[in-house]
Amino acid sequence: MKKGVIILSTAILSIILLLNLSYALEITLTKDSYFPGETLQAEFPDLFLKNLNLDNLGIYSSNSVHKTPVEQDLIKEDGKYRFYAVLPDNSGDYSLRLEDIVYSENGKQFNRDIIKNFSIIQTNESYLSFEPGFIYTSKNFTIRVKSYNKEQTINIEFDKMNFAQSFQLGYGSEKQISFIIDSLKNTTSSEISINNYNIPITILKNSPLIVNTTNQSQKSLLELIYSDTADIKIINLMGQQVLVNFTLFSRNQTQVKNISINSSDRDIRVEPSFIEELNNEKTIFLLIDRYEYLKGFINISGQNGSILIPIEVNITTNLSRVNTTITKINNSATCKQLSGEKCSSNEECSSPYIVALDGYCCPSQCKSTGKSSSNGWLWGLLILVVLAIAGWFLYQKYKKAPGPDKIKDIFNKRTSDYESRINPKPFPSTEVKRDLTKF
């Protein structure tokens, strides 16, 4: 009986451990050991509360406290990060570290570093390095390949483009391979193989935003989609995160493709940041982790334009002041479609403003405030005063200027002084008599 209980307990603990490991933040490398100058490729899930950049990653040798300088890059794609680095030529034990990070696991937040160890070993075998270690582009691109130790045959294949190329590359030589992506019509995710290496690749193609329509003329993004939010204003506690959301709608359930949503500040995390296809509506979440004042915007962009949602974040230590104000747009029409008016700076609306798709709108009538006419005479008076002051200063300046007789006297005096310096009067002679005394 006891043996059965022990076995059952062990099984339960093993399952719990496996579940925890399955959600653990871990760096995945393509292998555990590399050759000098080879390309390291890594992936890890996006569990972070802030977007990462290259400052958050470093390659360290042994117990060094300083990063090893390498060529590297980082990108976030489909809920994960990809990282690559062209490794140094020195062999030894190394580690790839995620530093200064805050991430969430199983509902808990952690701010510890993540470390993945690997080694660089010497070899007499032939191998390659390549750069970049991943490709995410909408344009033609190149890959640099370098051969180590021996001359070798390089075989490159990219099935999605029916691309295949072979060539010889001598020891220590490198070559640039160019790829022209004009033949691809749709966004493509695949791999490029170079001998026994694979490079992840995503090629973005700008598909038409409107599909299933007979109208061949492209419409602006504002005519295709709209947001239910005009602006977002937040007062949040120092050190606390805040989560808000808004909704994007497609007009008349038109199918709209390839919509990007991003923020003007890295402390605002957008999820999702890309909508491949919008048929009806989609909720967008904003996780804001900010420790100081912020004024920015959320940019919703597509091939035919963009929509901006202003966002403002104020920080307080007073819990009673915490507040989130989201100005909602209750309809999908522009001000003109609502038979409203756009009031100018010297006009005001005779009734409360409403928020239309293209901004604040007066649903009744814009009336002049009279400020422009009442201020006109003030500007005129100010100009007259400035001119009068300028005229008085000019008058005083010329009034003090010397007349012709005064100028003549000054000239004669200066001439006399000059001649006295050139022809000084001789000193009177004086006879000096002295006794001669012998010492």
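The values are calculated or read from the model by the stated rules, or taken from the named source; none is laboratory data. Remember, predicted model here, so these are calculated numbers, not experimental data. All Cβ positions, even for glycine, are placed from backbone atoms using ideal geometry, and neighbour counts span all protein chains on display.
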Original post:
Which of the following residues is assigned to a loop (DSSP other than H, G, I, E, B) and either outside the structural domain of ASP32 (by TED's automatic domain parsing) or under 30 Å from GLN241 (Cβ atoms) (or both): LYS150, LYS116?
Top reply: LYS150
**OP:** Give the stretch 165-201 a look and list any residue that's part of a strand (DSSP E or B) and either of a type in the set (Lys, Arg) or not assigned by TED's automatic domain parsing to the domain that holds ASN140 (or both), or say none.
**Re:** LYS175
Subject >> Within the stretch 275-333, tally of residues that are of a type in the set (Asp, Glu), assigned to a loop (DSSP other than H, G, I, E, B) and without any contact (Cβ under 8 Å) to a residue 24 or more places away in the chain >> reply: 1
Original post:
Looking only at the stretch 101-158, which residues are closer than 16 Å to PRO36 by Cα, buried (at least 17 other Cβ atoms within 10 Å of the Cβ) and not charged (D, E, K, R)?
Top reply: PHE118, ILE120, TYR127, LEU128, SER129, PHE130, GLY133, VAL145, SER147, TYR148
Subject >> Every residue from the stretch 124-138 that is more than 22 Å from the chain's Cα centre (by Cα), polar (S, T, N, Q) and either part of a loop (DSSP other than H, G, I, E, B) or assigned by TED's automatic domain parsing to the domain that holds GLN152 (or both) >> reply: ASN124, SER126
Original post:
On the given criteria, is ILE101 in a loop (DSSP other than H, G, I, E, B) and either within 23 Å of LYS31 (Cβ to Cβ) or not assigned by TED's automatic domain parsing to the domain that holds SER183 (or both)?
Top reply: yes
**OP:** Could you run through the stretch 31-66 and say how many residues are outside any helix (DSSP H, G or I) and exposed (fewer than 15 other Cβ atoms within 10 Å of the Cβ)?
**Re:** 9
Original post:
If you go through the stretch 21-69 one residue at a time, how many are at pLDDT 90 or above and on the phi > 0 side of the Ramachandran plot?
Top reply: 1
Subject >> Restricting the stretch 217-276 to residues that are among the hydroxyl-bearing types (Ser, Thr, Tyr) and surrounded by 18 or more Cβ atoms within 10 Å (Cβ to Cβ), the residue that is modelled with the lowest pLDDT >> reply: THR254
Original post:
On the given criteria, is GLY79 touching a strand residue (DSSP E or B) at 6+ places or on another chain (Cβ under 7 Å) and modelled with pLDDT under 90?
Top reply: yes
